[in-house]
1. In the range 87-103, is there at least one residue being farther than 21 Å from residue 273 by Cα, modelled with pLDDT under 95 and within 11 Å of the ligand (Cβ to nearest atom)?
2. If residue 42 passes every condition in (1) within 13 Å of the ligand (Cβ to nearest atom); (2) surrounded by 23 or more Cβ atoms within 10 Å (Cβ to Cβ); (3) assigned to a helix (DSSP H, G or I) but one, which one does it miss?
3. Of the residues that make up the range 130-141, is at least one under 19 Å from residue 49 (Cα atoms), crowded, with 17+ Cβ neighbours inside 10 Å and touching a helix residue (DSSP H, G or I) at 6+ places or on another chain (Cβ under 7 Å)?
4. Considering each of 292, 197, 280 in turn, give the residue that is in a loop (DSSP other than H, G, I, E, B), out of contact with any helix residue (DSSP H, G or I) (no Cβ under 9 Å at 6 or more places or on another chain), closer than 17 Å to residue 178 by Cα and more than 11 Å from the ligand (Cβ to nearest atom).
5. Out of the range 225-246, which residues are surrounded by fewer than 16 Cβ atoms within 10 Å (Cβ to Cβ) and in contact with a helix residue (DSSP H, G or I) (Cβ under 6 Å, 6 or more places away or on another chain)?
6. State yes or no: is residue 145 more than 23 Å from residue 222 (Cα to Cα) and either out of contact with any strand residue (DSSP E or B) (no Cβ under 8 Å at 6 or more places or on another chain) or within 9 Å of the ligand (Cβ to nearest atom) (or both)?
7. How many residues are part of a helix (DSSP H, G or I) and in contact with a strand residue (DSSP E or B) (Cβ under 6 Å, 6 or more places away or on another chain) when one looks only at the range 203-258?
8. List the number of the failed condition for residue 256; all other conditions in (1) over 21 Å from residue 189 (Cα atoms); (2) within 25 Å of the chain's Cα centre (by Cα); (3) more than 16 Å from the ligand (Cβ to nearest atom) hold.
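The values are calculated or read from the model by the stated rules, or taken from the named source; none is laboratory data. Remember, it's a predicted structure, so these values are computed and weren't measured experimentally. Here Cβ is always computed from backbone atoms with ideal geometry, including for glycine, and neighbour counts include all displayed protein chains.
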Ligand code: NAD
């Protein structure tokens, strides 16, 4: 079986009928597993939090990994843990995703080492929590570079490889704020909205090559990023950290924070064979916080 080409899987076919059974039967093939074994998955911003959990979840599915982040030591520790625990190949490199030349080098090195790139997860930290009047033009530029331009860099570098193999998954990570802007996250609210336009555009343009492009919007997730947001909130409001979390939980129908692994599961699903007919979408993993239809 050629993993780079899911269409190559052979199944017994029923006799031809007046509707195109062959085509439908290919689609209905009972693939219950994720189809990620031996795929090559690139996860950016993977030294901690949601990115780290995502790397571990893909490895558990048997995928080989290319990991990058700025914290080289944490990344190398994770790479070693994954090799030992799951027996898959892991390439890791220190990359600032805001540096497009660095992103290009990382993608090319991944392609050279593994011979293909099947899934690309674009993740990074979030911009600082600020009200509009507190922001500077430098912070707007940085937010654009970190949370929109970096995704363009990855897309530019990986899509030609995916196009050639006629299969690929691009999964961007943004935030619940792309659907429900938060008052003190004006940088995130604004810049990340652009990612949705990009995801839609790429899904349309690259669908004919068997490439899906989707976005995951995490809600309140138990990571360092949320601790950072809590610290900022307590500074500005004088409320305690406990009050902050109590307030948040009231707003979450499921009544608790997400674990990073729960967000990772949605990312892995979108990167798998199982989500083959889903593209151009934003999937919120927010415990029901977003109240819109
Ligand atoms: P986190 O801060 O815990 O982890 C971010 C990861 O990105 C780290 O591995 C970090 O090293 C890496 N990173 C940051 N800047 C980078 C750069 N310039 N180049 C390369 N790597 C870089 O964040 P998290 O909670 O795991 O969140 C992941 C994403 O989801 C972030 O964009 C965050 O804003 C968003 N998000 C998080 C929450 C939450 O509650 N945790 C909610 C909504 C959205």
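1. First, the residues of the range 87-103 that are farther than 21 Å from residue 273 by Cα: 87, 90-103.
If we keep only those that are modelled with pLDDT under 95 too, we end up with none.
The answer is no; no qualifying residue exists.
2. (3)
3. Residues of the range 130-141 that are under 19 Å from residue 49 (Cα atoms), as a first pass: none.
No, the range 130-141 contains no residue that is under 19 Å from residue 49 (Cα atoms), crowded, with 17+ Cβ neighbours inside 10 Å and touching a helix residue (DSSP H, G or I) at 6+ places or on another chain (Cβ under 7 Å).
4. Details: 197 fails: in a loop (DSSP other than H, G, I, E, B); 280 fails: out of contact with any helix residue (DSSP H, G or I) (no Cβ under 9 Å at 6 or more places or on another chain).
292 is the lone residue from the list that is in a loop (DSSP other than H, G, I, E, B), out of contact with any helix residue (DSSP H, G or I) (no Cβ under 9 Å at 6 or more places or on another chain), closer than 17 Å to residue 178 by Cα and more than 11 Å from the ligand (Cβ to nearest atom).
5. Within the range 225-246, 234, 241 meet the criteria.
6. On the way: more than 23 Å from residue 222 (Cα to Cα): yes; either out of contact with any strand residue (DSSP E or B) (no Cβ under 8 Å at 6 or more places or on another chain) or within 9 Å of the ligand (Cβ to nearest atom) (or both): yes.
Here the answer is yes, as residue 145 does meet what is asked.
7. Narrowing the range 203-258 to residues part of a helix (DSSP H, G or I): 203-209, 224-237, 241-251.
Still in the running and in contact with a strand residue (DSSP E or B) (Cβ under 6 Å, 6 or more places away or on another chain): 203.
Of the residues in the range 203-258, 1 are part of a helix (DSSP H, G or I) and in contact with a strand residue (DSSP E or B) (Cβ under 6 Å, 6 or more places away or on another chain).
8. Result: residue 256 fails condition (3) only.
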